[in-house]
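These notes are about the structure you will find just below.
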There are 2 protein chains.
Amino acid sequence: MIRPTTRDLAKAAGVSLATVDRVLNDRSGVRDDTVKRVTEAIEKIGFARNISAANLARRKSYRFLFLLPRTGDQFLDQLIGRIAEANLGFAAEMMRAEVAHIHESDPHQIANFLAALDPDQVDGVAIMAPESPQVRDAKSRLTERGIEAVAFLSGQITTGSEVFVGIDNHAAGATAGRLIGRFAERQPGKILVIAETMRARDSLERRLGFDEVIGADYPHLTVLPSLETHGDPDRTERIVTASFRNHPDITGVYVLGSEARLPLQAITCNRDADPPAIIAHERTPFTETGLMTRQIDALITQDPGHLVRSAIRILRARCDRREVLASQEKIRIEILIRENL
Amino acid sequence: MIRPTTRDLAKAAGVSLATVDRVLNDRSGVRDDTVKRVTEAIEKIGFARNISAANLARRKSYRFLFLLPRTGDQFLDQLIGRIAEANLGFAAEMMRAEVAHIHESDPHQIANFLAALDPDQVDGVAIMAPESPQVRDAKSRLTERGIEAVAFLSGQITTGSEVFVGIDNHAAGATAGRLIGRFAERQPGKILVIAETMRARDSLERRLGFDEVIGADYPHLTVLPSLETHGDPDRTERIVTASFRNHPDITGVYVLGSEARLPLQAITCNRDADPPAIIAHERTPFTETGLMTRQIDALITQDPGHLVRSAIRILRARCDRREVLASQEKIRIEILIRENL
DNA sequence: GCTTTTCTGAGGTACGTACCTCAGAAATGT
DNA sequence: ACATTTCTGAGGTACGTACCTCAGAAAAGC
């Protein structure tokens, strides 16, 4: 059985090609009952528009933007690399993705940037920015103007139809909790939690999930208050050193930010022998080495390539008013150890 | 900068559209230096064929076949489900995948089946069958006849350009070894390994990887010889019971086949209290429940959806004589625990 | 009934590529 | 220099869809 075309549809509905076209691209000037006849025929013969042909005729191509913070973070570098890579593959489908850097801490600037986007130039945006009312508003206005938007990795509380591309941070924290619980010594001890900042939703959720598991199943472990590095090497060194001095019985460390380098370097300086169990996030050249040298016990990661492609596929599907394959777009919380690197 | 078309290419090369066409679809009757002029122009202006338009003109669609064993295995059911699902998404790109069931133990039948495939009807095949010279030969003849083939999940030793879609089983076994080592009691004990059969490469490799890690890092654990269930409930029950009787100090179990149900049921009957650490493979409704009820400690899985889509993408790329994005097609060895389910 | 408005059909062109034919140019052989 | 072969160009049609125009049919208003 060959794929039905618009001609088949026209014949099946007993109308002309022009009318079929009017219905499909919901142009005006078709009586309601005629529309119904066509939609019924679509169901009946199982018509599905050939999107490639449609895009060809429309001379349509898709342009998507990734709004990313401008830091030198290794994980971010990975993301940018994957975006470039994705462009290779998606070029065949007339899609291309670009990166725009923003100051993640300036919601106003982000909102302005979004407001300035031209629907003729950009079809969709993946936004990685901390939660804020300004960005939230700008996002919904974006959608009104016909630019699709998804929350990428960080941020916005997703209500209803809004889409979030990234992992469930509560579950990620719980996963870390379970691993620490199983990897750490089975005797009373303290667990150090290190974050860049605890002011971000993501961090809070991870910590919450972490505490729940430890609290429920590993009562011999005490989780210390989260240390905040603020991305400052000196500060990190200082607070980590202080923690190890104050708590000689630290048996586990959970680095919950996506930049594990600073905390890990600080830890190595403080504990050569009898090292604690260490769980960190994201796969970067640094954490990979850490796993191989057994400094890190496990990583909790989300595949940056998958994140990028998923965001693009979701934006594309929304442009086409199509559903996505939910199972494909679910971002997995991956556990990485030396053996499955 | 707009995407260059064949007309742009013709102009840039200083030849006619017809000649460009001859070169692009390597038809005969073009002098070598003219070919060179065109290929140089392709480089120069960065021409890339619009595959959608080409397929439209050719009325080309892709039909792929998954050759799967005919067992009632839950993991296989998952695969079949994902193939159906993938069809939804890939329909837009004029691709469709079908399942053909084979007797996996009859290489001759498989070879005959492959030999009977018509290149006009089928563009590519993903073959899940144990290694055998017959299948191996049939596969290479398939390729000669213009049907692409990839080894799917099971089997063939991949030499050189041959493609394998699935995980590295040695690494998967090693991952299991590491997890058992970390999850089991830290005192001397025995580890039970249960397989459907040890005659398959996959099983051997997993066992090998498993033993390496245990041998190197967990000398207090003794890995028992692999039990083979042959998919027989009674036999399974019998040999598992015997093992637990003979070895009261079993502290870990590694179920290395993709059908964990029988072994797990046998284990539960034998050890209510003080259960051993259990690692199994593949996510199925059964193993998922096992994780949630804490009967299973961790699962080592490969995403069936990813497997299916990856096989399809690879076949498609080979049909188009294109490269694939290696990073996207790498099948990850996933570790699943309750928290990241 | 008539006019006015709303709807529909027929036909065209275009998108970028494939594939066909045929005439004529260029290279080759003698 | 000629015949012969090999190469090239020009032009066409097609794929499935979008989008345009215009004529005429059907419905609505009076």
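The values are calculated or read from the model by the stated rules, or taken from the named source; none is laboratory data. In this text, all values refer to a predicted model and were calculated from it rather than measured experimentally. Note that each Cβ is placed from the backbone with ideal geometry, even for glycine, and that neighbours are counted across all protein chains shown.
Residue-level check: of (1) at pLDDT 90 or above; (2) exposed (fewer than 15 other Cβ atoms within 10 Å of the Cβ); (3) away from chain B (no Cβ under 14 Å); (4) farther than 24 Å from residue B:92 by Cα, residue A:142 misses just (2). Annotation: residue A:319 fulfils all but one of (1) at the interface with another protein chain (Cβ under 10 Å from one of its Cβ atoms); (2) in contact with a Phe, Trp or Tyr (Cβ under 8 Å, 6 or more places away or on another chain); (3) modelled with pLDDT under 95; the unmet one is (1).
A Cβ distance below 7 Å, combined with a sequence gap of six or more or placement on separate chains, defines the contacts here; from segment B:168-181, residues that are more than 16 Å from residue B:337 (Cβ to Cβ) and more than 9 Å from every other protein chain (Cβ to nearest Cβ) reach residues that are among the acidic types (Asp, Glu) and surrounded by fewer than 24 Cβ atoms within 10 Å (Cβ to Cβ) in the pairs B:169/B:205; B:170/B:205. Using the structure shown, decide if residue A:45 is more than 14 Å from chain B (Cβ to nearest Cβ), aliphatic (A, V, I, L, M) and more than 10 Å from DNA strand C (Cβ to nearest atom). It is true that residue A:45 is more than 14 Å from chain B (Cβ to nearest Cβ), aliphatic (A, V, I, L, M) and more than 10 Å from DNA strand C (Cβ to nearest atom). In the set A:38, A:15, only one residue is within 12 Å of DNA strand C (Cβ to nearest atom) and either part of a helix (DSSP H, G or I) or under 39 Å from the mean Cα position of the chain (by Cα) (or both); that residue is A:38. Selection of segment A:58-98 for residues being surrounded by fewer than 16 Cβ atoms within 10 Å (Cβ to Cβ), within 16 Å of DNA strand D (Cβ to nearest atom) and within 10 Å of chain B (Cβ to nearest Cβ) yields A:59, A:61. Looking across segment A:85-97, not a single residue is of a type in the set (Asp, Glu) and under 16 Å from the mean Cα position of the chain (by Cα). So, residue A:27, is that one more than 8 Å from DNA strand D (Cβ to nearest atom) and under 30 Å from residue A:95 (Cβ atoms) or not? It is false that residue A:27 is more than 8 Å from DNA strand D (Cβ to nearest atom) and under 30 Å from residue A:95 (Cβ atoms). Applying a threshold of 8 Å to beta carbon distances and a minimum spacing of six or more residues, or different chains, the list of pairs starting in segment B:21-33 at a residue that is in a loop (DSSP other than H, G, I, E, B) and ending at one that is surrounded by 10 or more Cβ atoms within 10 Å (Cβ to Cβ) and hydroxyl-bearing (Ser, Thr, Tyr) reads B:30/B:19. Do we find that residue B:42 is among the β-branched types (Val, Ile, Thr), exposed (fewer than 11 other Cβ atoms within 10 Å of the Cβ) and more than 12 Å from DNA strand D (Cβ to nearest atom) in this structure? Criteria not met by residue B:42. Evaluated against (1) more than 30 Å from residue B:283 (Cα to Cα); (2) touching an Asp or Glu at 6+ places or on another chain (Cβ under 8 Å), residue B:65 falls short on exactly one condition, (1).
Within segment B:221-260, restricting attention to residues that are in contact with a helix residue (DSSP H, G or I) (Cβ under 8 Å, 6 or more places away or on another chain) and polar (S, T, N, Q), the residue that is modelled with the highest pLDDT is B:226. If you go through segment B:159-167 one residue at a time, do you hit one that is part of a loop (DSSP other than H, G, I, E, B) and among the charged types (D, E, K, R)? Within segment B:159-167 (the criterion being part of a loop (DSSP other than H, G, I, E, B) and among the charged types (D, E, K, R)), the answer is yes, since at least one residue qualifies.
Contact map, segment B:208-221: residues that are surrounded by 15 or more Cβ atoms within 10 Å (Cβ to Cβ) paired with residues that are among the hydroxyl-bearing types (Ser, Thr, Tyr), Cβ distance under 8 Å, separation 6+ or inter-chain. Pairs shown: B:209/B:175; B:210/B:254; B:221/B:251.
For segment A:5-19, filtering for residues that are near DNA strand D (Cβ under 8 Å from one of its atoms) and either crowded, with 18+ Cβ neighbours inside 10 Å or free of Cβ contacts under 8 Å to residues at least 12 places away in the same chain (or both) leaves 4.
Taking the listed residues A:82, A:59, A:7, A:27, the one that is under 30 Å from residue B:325 (Cα atoms) and within 14 Å of DNA strand C (Cβ to nearest atom) is A:59, with no other qualifying.
Considering segment B:222-232, the residues that are surrounded by 15 or more Cβ atoms within 10 Å (Cβ to Cβ), of a type outside the set (Asp, Glu) and under 28 Å from the mean Cα position of the chain (by Cα) include one that is farthest from residue A:297 (Cα to Cα), namely B:231. Can you pull out every residue in segment A:325-340 that is part of a loop (DSSP other than H, G, I, E, B) and facing another protein chain (nearest Cβ under 8 Å)? Result: A:325, A:332, A:333, A:337.
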